[in-house]
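K.L.:
Here you go, one structure.
Where a number appears in this text, it was derived from the coordinates with a stated rule and is not lab data. All of these numbers come straight from a predicted model, not from anything done at the bench. Cβ coordinates were reconstructed from backbone atoms using ideal geometry, including for glycine residues, and neighbour counts include every protein chain displayed.
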Amino acid sequence: MTTPLDARCERARQLSAAGRLDEAIAELRQVLKQSPEFLPALEGLAYVSLRTGAFEGAADAFDRLLALVPRPGAQATFDAAMASLQAGRPMRAEALFEATVQQSPDVIGTMHTVGLTWAQAGDNARALAWFERTSAKAPALWQAHFNRGRALGSLGRFDEEIAAYRLANAIAPQQPDPLVNLGVALREQHAFADALQCLRDAVKLSPDHAGARTNRAQTNLLLGDFEHGWHDYEWRWQDGGQTRRFNDRLWDGKAPLAGKTVFVYSEQGFGDTLQFVRFVPRLVAMGATVVLAVQAPLVTLLGGFARGVTVLGEHMPVPSFDWQLPLLSLPHLLKIAGDVAVHSPYLRSSAGREMIWRSALGAKPEGALRVGFVWRTRPFPPHRDIALKHWAPLFATNAQFYSLQVDATDEEHAELASYRSAHGNVHDIGAKLSDFAETAAVIAQMDLVIAADTAVVHLAGALGKPVWVLLNYTPDWRWQLTRRDSDWYPSVSLYRQPARGDWDGLMAQVATDVEGILQQ
């Protein structure tokens with residue numbers, strides 16, 4: 001027999017199905033006011049709260065529900081664990097995951113799923129524990145060893161990571177994923193021949209595996225094999241990380257461009273745009289009229305950088321065009337190979353903005369050295385970041401340092417203030433830099449830029465300003481492996497970690513070199 005409370009729960013279900021989630025929650029809360037232990041209302045409140053992102057409310061409702069139901073079932077317990085995890089209650093979530101496994105008819109699958117859940121949440125230590133339990137119970141399950149390797153790599157246990165991928169590959173030699181990850185891990189260890197062999201084998205197993213292709217591209221580019229690298233780099237559109245802006249009228253590198261309008265659009269980060277716009281004038285030289293769409297903070301800087309090129313913001317209406325292509329496909333389509341050098345500088349800053357900043361910074365004392373610096377990428381990849389604590393040897397020199405970091409956190413601002421108090425030579429001006437044109441005008445006032453591998457490096461290089469690039473042990477492919485200079489920018493000097501993760505050793509050398517300039 002349907003009771004009034006059942007009827008109200010049914011109304012809440014209908015409201016939820018119609019997407020009226022707040023009304024559904026209000027209805028369920030009214031039911032629970034009348035009967036705090038009415039199970040259908042508690043269950044409904046838990047799941048509707050999950051849908052609205054009210055994770056604390058969902059976790060509370062699940063906890064009340066599970067306390068009233070002796071054996072709620074594996075699915076409900078797992079959902080309760082997810083609610084607690086998303087509510088920021090990891091200890092409770094872990095206990096509920098454990099209870100889920102105890103109730104599950106598929107213990108191995110559930111343990112593996114719990115590991116994947118913790119990995120997705122970024123808790124690789126807990127993920128590793130679950131993958132280890134899974135692989136111990138099912139040693140022939142290659143996925144458990146594969147994901148164990150991923151967790152180990154995230155925890156910095158690189159030799160164990162490689163061993164886990166090798167075991168996954170031995171168990172499932174026809175699966176490409178372990179080979180791809182093994183290739184990447186070996187590349188990070190600078191075992192390049194073995195890394196390339198793994199990636200080649202993965203491509204043989206699965207010719208359409210985008211991850212194998214793109215990682216082989218990056219490895220070849222890192223090693224200076226540009227012809228093969230640019231070719232495989234086109235697979236970046238297939239790996240799920242990027243989406244083409246247009247699919248039709250893609251220029252194939254062969255069709256004549258004389259009298260044609262070509263739409264070129266930026267992709268990936270600011271630094272990629274600054275680096276690859278050097279190739280756009282080659283389209284103009286082939287007779288094209290070029291419309292270039294770039295990220296909004298770059299529009300002012302790049303406006304008028306080359307004749308025959310109209311620069312638009314990436315969200316502005318697109319005019320009609322004959323052909324289109326993404327910016328980073330130019331080296332492949334133009335068959336540039338390693339011919340990346342251009343006359344530098346190929347960008348310039350605004351004279352008006354330079355005058356404003358010259359006045360704001362004041363006259364530079366004779367013998368002074370002004371250094372602009374950036375320590376963090378935005379927002380990825382974090383392994384390029386150099387925490388401010390590592391900069392202490394530089395700040396202890398007599399150079400004047402100007403932060404060009406536009407997105408410093410409150411904690412970083414406080415850290416910069418402490419260095420200024422200690423040394424008097426650290427100036428926090430990043431918050432005043434509204435776009436790249438503003439940053440370019442400040443860079444023009446500097447003697448030197450020292451930065452992590454971020455967009456400011458490319459800006460300084462394109463402006464022809466001396467720039468020291470601070471690179472992690474296995475750098476981005478564009479800086480290759482052993483050179484101190486770069487074909488991309490004549491004004492660049494490359495500083496490399498002497499060992500994986502060793503920023504202190506690198507920064508000590510940078511400080512020594514700054515002192516050398518000051519003593520000249």
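K.L.:
Would you mind checking which residues have amide H under 5 Å from THR261's amide H? H placed 1.01 Å from N; only 5 or more apart, or other chain.
P.N.:
Placed amide hydrogens put THR289, ASP322, TRP323 under 5 Å from THR261.
K.L.:
Say the dipole of region 4-238 comes from +1 at the beta carbon of Lys and Arg and -1 at that of Asp and Glu; which of ALA17, PRO90, ALA170 then lies farthest toward its positive end?
P.N.:
So the residue furthest toward the plus end is ALA17.
K.L.:
Mind giving me the nanometre distance, one decimal, between the label points for ALA136 and ALA296, set 7 Å out from Cα along Cα→Cβ?
P.N.:
Going from the ALA136 label point to the ALA296 one covers 5.3 nm.
K.L.:
Specify whether the C-alpha gyration tensor of region 351-518 places it in the rounded, prolate or oblate class, a ≥ b ≥ c being the square roots of the eigenvalues: rounded for a/c under 1.5, otherwise prolate if a/b is larger than b/c and oblate if not.
P.N.:
The shape class here is rounded.
K.L.:
Which angle from 0 to 90°, rounded to the nearest 10, does the C-alpha axis of helix 192-205 make with the longest principal axis of the chain?
P.N.:
50 degrees
K.L.:
Further, regarding this structure: Evaluate the relative contact order of region 261-333 (contact order divided by residue number), counting alpha-carbon pairs under 8 angstrom at least 6 apart; express in whole percent.
P.N.:
It rounds to 46 percent for region 261-333.
K.L.:
Could I ask something else about it? Subtract the Cα-Cα distance of ALA170 and LEU518 from 0.36 nm times their separation in residues, and report this length gain in nm to one decimal.
P.N.:
Here the segment from ALA170 to LEU518 would lengthen by 119.6 nm.
K.L.:
Pull up all non-local amide H partners of HIS427: gap of 5 or more, or a different chain, and H-to-H distance under 5 Å with H placed in the peptide plane.
P.N.:
The answer is PHE401, TYR402, SER403.
K.L.:
With the cut-off at 23 Å, tell me which of the pairs LYS204/LYS335; LYS432/LYS465; LYS204/LYS254; LYS335/LYS465 have Cα atoms farther apart than that.
P.N.:
Where the Cα-Cα span goes over 23 Å, the pairs concerned are LYS204/LYS335; LYS204/LYS254; LYS335/LYS465.
K.L.:
Which peptide among 474-483, 190-199 comes first, and what is the full order, when sorted by highest mean count of other Cβ atoms within 10 Å?
P.N.:
190-199, 474-483
K.L.:
Expressed as an acute angle from 0 to 90° and rounded to the nearest 10, what is the orientation of the C-alpha long axis of helix 124-137 relative to the principal long axis of the chain?
P.N.:
60 degrees
K.L.:
Just checking my list (1) 99, 54, 44; (2) 80, 55, 45; (3) 87, 56, 52 against Cα extents along the principal axes in Å computed from this structure; which label fits?
P.N.:
(3)
K.L.:
Calculate, in whole percent, how much of the Cα-Cα pair population of region 189-334 lies beyond 25 Å.
P.N.:
34 percent
K.L.:
Could you order the peptides 267-276, 168-177 from most to least packed, using the average number of other C-beta atoms within 10 Å per residue?
P.N.:
Per-residue mean Cβ counts within 10 Å order the peptides as 267-276, 168-177.
K.L.:
Normalised by the residues of the chain, what does the relative contact order come to in percent, with Cα pairs under 8 Å and at least six apart?
P.N.:
About 9 percent, as a whole number.
K.L.:
Quick one: angle between helix 142-154 and the longest Cα principal axis of the chain, in degrees between 0 and 90, rounded to 10, please.
P.N.:
Helix 142-154 and the main axis of the chain meet at about 50 degrees.
K.L.:
Now, a different point. Could you tell me whether region 261-333 comes out rounded, prolate or oblate from its Cα gyration tensor? Rule is a ≥ b ≥ c as square roots of the eigenvalues, rounded for a/c under 1.5, then prolate if a/b exceeds b/c, otherwise oblate.
P.N.:
Rounded, since a/c falls under 1.5.
K.L.:
Work out from phi, with θ = phi - 60° and the Karplus expression 6.51 cos²θ - 1.76 cosθ + 1.60, the ³J(HN,Hα) of each residue of region 306-321, listed in order in whole Hz, and give x for Gly and Pro.
P.N.:
Taking θ as phi minus 60°, the curve returns 8, 5, x, 10, 9, 9, 10, x, 5, 9, 7, x, 8, x, 5, 8 Hz for region 306-321.
K.L.:
Also, I was wondering about something else. Given the -39500 (n - 2.57) contribution per DSSP H run of 4+ residues, what per-residue ellipticity at 222 nm results for the chain, rounded to the nearest 500 deg cm²/dmol?
P.N.:
-15500 deg cm²/dmol
K.L.:
With just the Cα atoms defining each centre, how far is region 5-50 from region 279-356? Give it in Å.
P.N.:
56 Å
K.L.:
Right, here's the next one. Output wanted: per-residue J couplings in Hz (rounded whole) for region 98-110, from phi through Karplus 6.51 cos²θ - 1.76 cosθ + 1.60, θ = phi - 60°, x for Gly and Pro.
P.N.:
So the Karplus estimates, Gly and Pro as x, are 4, 5, 4, 4, 5, 9, 7, x, 10, 5, 5, x, 5 Hz.
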